[in-house]
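Undergrad: My structure is below; once you've seen it, I'll send some questions.
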Amino acid sequence: MNSKDVNNLIEKLTAAEHAYYVLNKPIMSDGEYDKLFNELKKIELENPDLVFAYSPTQRVTGTPDNVFEQITHKQRMYSLDNSESIQDITKWIEKIEKLTDNKIFPLTVEPKIDGLAISLIYKDGLLVKGLTRGDGFVGEDVTHNIKTIMNIPLKLKQNIEGEVEVRGEIFMPTESFEQLNNQKINDQKMLSQLSQLDKKEMTAEQVKELRELRNEGTSEFINARNAAAGSLRQKDSNITAKRDLRLLAYQLIEHDRQAIDSYSDQIALLKDLGFSTNEVTVTKDIKNVESELNRIEENRNNYNYQIDGAVLKVNSSITQDELGFTSKAPRWAIAFKFSAEEQTTQLLDIKLQVGRTGAITPVAVLKPVNVGGALVSFATLHNPDEIKRKDLRINDYVIVRRAGDVIPEVVSSIPERRESSSKIWSLQKKCLCEEYSIEFVNDEKVPRCAGKEKCKIASKEALIFFGSKSGLDIDGLGRETVETLLNEKIKETNLNKSENQKIENISDKNINKLIKELEKEMKNAAKILEFEKAALLRDQITELRKNLIDKRN
Ligand SMILES: [Zn+2]
């Protein structure tokens, strides 16, 4: 076995990693990769002089001595100035146009990843250091964790002599973040089970698992950015290696050489060197910029990473150099912030909602707050278990998230801001129908009304579903009609004004039509629903018909 054979193996494995993690086009099965990887590991074990720094086996190194050492950046890592509207951007362009005789356009536009800025140093083509941004002047050495990130090349695909710096953003893909949090929920259960065992009776495996769970921690992360930050700050690179972190590179600095002509050329070169890069669009005028910003915002939930805006940069390196920096930020770039999808507000109350099957879900009543452009007053809490797990108390300050068309949800409470007026919530004994108790069936997390379909709220919801588009789509049998006609107040003689108004609003023509529809659909309903459900629904519909006919006469 010689160095040439080993390098041959390394090359094959590296090409497979690049194809899988950067190009998204696998060229090798997992089995084949593992086989070659183990082969290489065996050779390295027997021949310590053939272990090269860029070998894929060297990605996980445990905890080095210089972990988190403070290191000064060769060139300061600036943050960007912010803008919130196209007017802000127009003003920014006007301002920088006055500072240079060069043209400002083309400007590049790219999604702004909500991740962590990182600086990677390569010497003669080999990765030697990974530094966090820190305060922009001094960062922390996280090389041991950076190496575990599979789409970061340990060796550049083209050799560049001397030192180059690659900057980019580290993130955790949204899907992996969700998986990690699910894992944390399972870990919490496992930890509490293991903690209850008598130490003397535990197997060696259980002791090991308990220690690992305590070491890694079982708290959930608030968002993908926190998960990425937490993973990068691990002392032990074995833990980071288990987390799915990725890099999108956006800057290449060759400290001793002239800058590359343009930003888009930098991106192209980064790709050639083996990096994943962000999608960068070159725009020719402000109209172009605006439509690109709109496109990114409309698609903000379709990226596999969280974005919180877009970044605009002057493409020409000469113009960039001429514009230079303020004391805080480059003049040639600006961030465009989308409205936040997470906000802080107060949890005023927790109410229950009964569904058509009798399932009972808690709903958060919030102090209304604008989240991502929509006013949010309610948010789902899924089940009582989740309220306990997240330790949500009435009057707590909470973080609310709303992503796209998804139902808003309460992410977490903020215990640091908890006031003495906060109250622990507990599930009431009786269902909202006031007839039956609330029960848990089997191991289900969602409680139910013990009356099942007999629960009058559940059956009302079933009737509404029956008339809805997802049900039999009966014209005129919407929520409001059902609620108005089933309402017991209808039987009373002195209705209040608004109740009367609602009934007036159901015109005769509509009622005739609805009765016909109901008669037709009753047969269908019996066919579609199970017998017992159909019988109950039939009673409901009969009552509804009676009400309708009474009203007509
Ligand atoms: Zn009930």
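Rule-based calculations on the coordinates, nothing more; no lab input. Everything numeric here is computed off the predicted structure, so don't read it as measured data. In this analysis, Cβ positions are derived from the backbone assuming ideal geometry, glycine residues included, and neighbour counts consider all displayed protein chains.
Undergrad: By how many degrees, 0 to 90 and rounded to 10, does the Cα axis of helix 30-46 deviate from the longest principal axis of the chain?
TA: It works out to around 40 degrees.
Undergrad: Using only the alpha carbons of region 131-210, determine the length spanned along each of the three principal axes and report them from longest to shortest in whole angstroms.
TA: Principal extents (largest minus smallest coordinate, Cα): 59, 29, 27 Å.
Undergrad: Along the charge dipole of region 200-303, which of TYR250, ILE239, TYR303 sits closest to the positive end, that is, farthest toward it, with unit charges on the beta carbon of Lys, Arg, Asp and Glu (+1, +1, -1, -1)?
TA: The listed residue farthest towards the positive side: ILE239.
Undergrad: Any chance you could run the full-extension gain for PHE137 through SER3? It's 0.36 nm times the residue separation minus the Cα-Cα distance, nm to one decimal.
TA: 44.2 nm
Undergrad: Here is a follow-up. Test of understanding: what is the full-extension gain from ALA259 to GLU209, defined as 0.36 nm times their sequence separation minus their Cα-Cα distance?
TA: Contour length minus Cα-Cα distance gives 12.9 nm.
Undergrad: Another question about this same structure. State, as an integer percentage, the relative contact order of the chain based on alpha-carbon contacts under 8 Å between residues 6 or more apart.
TA: It comes to 12 percent, rounded to a whole number.
Undergrad: Output the antiparallel fraction of DSSP beta bridges having both residues in the chain, as a percent to the nearest 5.
TA: 95 percent
Undergrad: Can you give the calculated 222 nm mean residue ellipticity of the chain, where each DSSP H run of n ≥ 4 adds -39,500 (n - 2.57) and the sum is split over every residue, rounded to the nearest 500 deg cm²/dmol?
TA: -12000 deg cm²/dmol
Undergrad: Output the relative contact order of region 179-244, whole-number percent, from Cα pairs under 8 angstrom with separation of 6+ residues.
TA: Across region 179-244, relative contact order equals 38 percent.
Undergrad: Okay, moving on. Order these by the 10 Å Cβ neighbour count, fewest first: MET172, MET1, MET28, MET77.
TA: Ranked by crowding around the Cβ, least crowded first: MET1, MET28, MET77, MET172.
Undergrad: Turning to a different aspect of this structure: Take LEU518, LEU80, LEU131, LEU45 and order them by how many other Cβ atoms sit within 10 Å, fewest up front.
TA: LEU45, LEU80, LEU518, LEU131
Undergrad: Which residue, LEU194, THR148, VAL164, has the largest displacement toward the positive end of the dipole of region 142-234 when charges sit on each Cβ (Lys, Arg +1; Asp, Glu -1)?
TA: Most positive-ward Cα: LEU194.
Undergrad: Follow-up question, since we're still on this one. Against the longest principal axis of the chain, how steep is helix 204-216, in degrees 0 to 90 to the nearest 10, with axes from Cα atoms?
TA: Relative to the chain, helix 204-216 is tipped by roughly 80 degrees.
Undergrad: With labels modelled as points extended 7 Å from the Cα through the Cβ direction, what inter-label distance (nm, one decimal) is found for ILE222 paired with TYR303?
TA: Inter-label distance under the simple model: 2.0 nm.
Undergrad: Taking every DSSP beta bridge that has both residues in region 342-439, what percent is antiparallel when rounded to the nearest 5?
TA: Approximately 95 percent, going by the DSSP bridge assignments.
Undergrad: Calculate the length of the line joining the C-alpha centroid of region 7-80 to that of region 384-418, in whole Å.
TA: 40 Å
Undergrad: Can you compute 3J(HN,Hα) from phi for each residue in region 409-417, using the Karplus curve 6.51 cos²θ - 1.76 cosθ + 1.60 with θ = phi - 60°, rounded to whole Hz and x for Gly and Pro?
TA: 9, 8, 7, 6, 8, 10, x, 4, 9
Undergrad: Taking θ as phi - 60°, what are the ³J(HN,Hα) couplings along region 6-23 by the Karplus curve (6.51, -1.76, 1.60), each to the nearest whole Hz, with x for Gly and Pro?
TA: Each residue of region 6-23 in turn: 4, 5, 4, 4, 4, 4, 4, 5, 5, 5, 5, 5, 4, 5, 7, 8, 9, 8 Hz.
Undergrad: Given charges of +1 on the Cβ of Lys and Arg and -1 on the Cβ of Asp and Glu, with all other atoms neutral, how large is the dipole of region 342-439 about its Cα centre, in debye to the nearest 20?
TA: Here the size comes out at about 120 debye.
Undergrad: So what does the Cα-only Debye profile of region 342-439 read at q = 0.18 Å⁻¹, as log10 I(q)/I(0), no solvent term?
TA: The calculated log intensity ratios at q = 0.18 Å⁻¹ are -0.82.
Undergrad: Here's a follow-up. Taking θ as phi - 60°, what are the ³J(HN,Hα) couplings along region 317-333 by the Karplus curve (6.51, -1.76, 1.60), each to the nearest whole Hz, with x for Gly and Pro?
TA: After applying 6.51 cos²θ - 1.76 cosθ + 1.60, I find 5, 4, 5, 4, 4, 5, 6, x, 10, 8, 5, 10, 8, x, 6, 8, 9 Hz.
Undergrad: Shifting gears a bit: Nearest 10 degrees is fine. How inclined is helix 531-552 to the longest principal axis of the chain, computing both from alpha carbons?
TA: Helix 531-552 sits at roughly 60 degrees to that axis.
Undergrad: While we're looking at this one, here's another question. Treating only the Cβ of Lys, Arg, Asp and Glu as charged (+1, +1, -1, -1), what charge dipole size does the chain show about its Cα centre? Round to the nearest 20 debye.
TA: 1760 debye
Undergrad: Rank ALA53, THR100, SER219 by how far each Cα sits towards the positive end of the charge dipole of the chain (+1 on Lys, Arg Cβ; -1 on Asp, Glu Cβ) and give me just the farthest.
TA: SER219
Undergrad: Counting other C-beta atoms within 10 Å, and keeping those with at most 15, which DSSP coil trypsin sites (Lys or Arg not before Pro) do you find in region 395-469?
TA: Within region 395-469, the qualifying trypsin sites (Lys or Arg not before Pro) (loop, at most 15 other Cβ atoms within 10 Å) are ARG418, LYS429, LYS445, LYS469.
Undergrad: With +1 on each Lys and Arg Cβ and -1 on each Asp and Glu Cβ, and nothing else charged, work out how big the dipole of region 174-222 is about its Cα centre, in Debye to the nearest 20.
TA: 260 debye
Undergrad: Under 5 Å between amide hydrogens, which residues at least 5 positions from THR277 or on another chain qualify, with H placed 1.01 Å from N in the peptide plane?
TA: Under 5 Å from the amide H of THR277 lie the amide H atoms of ALA249, each far enough along the sequence or on another chain.
Undergrad: If one computes the Cα centroid of region 329-343 and of region 111-148, what distance in Å separates the two points?
TA: Between the Cα centres of region 329-343 and region 111-148 lies a distance of 22 Å.
Undergrad: For a test of the definition: using alpha carbon positions, the gyration tensor, and the 1.5 limit on a/c, classify region 1-76 as rounded, prolate or oblate.
TA: oblate
Undergrad: I want to check the label-to-label distance for ASP550 and PHE68. Put each point 7 Å from Cα in the C-beta direction and report it in nm to one decimal.
TA: A separation of 7.2 nm, rounded to one decimal place.
Undergrad: Can you report the principal axis dimensions of the chain using only the alpha carbons, biggest first, rounded to whole angstrom?
TA: 93, 74, 51 Å, listed from the longest principal axis down.
Undergrad: Among the trypsin sites (Lys or Arg not before Pro) in region 276-369, which ones are in a DSSP loop with at most 13 other Cβ atoms within 10 Å of the Cβ? Mind listing them?
TA: Those satisfying the criteria are LYS284, LYS328.
Undergrad: Testing the spin-label approximation: label points 7 Å from Cα along Cα→Cβ at LYS469 and ASP124. State their distance in nm.
TA: In this crude spin-label approximation the distance works out to 6.6 nm.
Undergrad: Here's a follow-up. Once fully extended, how much extra length lies between GLN188 and LYS98, figured as 0.36 nm per residue of separation less the alpha-carbon to alpha-carbon distance?
TA: 26.6 nm
Undergrad: Follow-up. Using only alpha carbon pairs under 8 Å that are at least six residues apart, calculate the relative contact order of region 35-194 and give it in whole percent.
TA: 26 percent.
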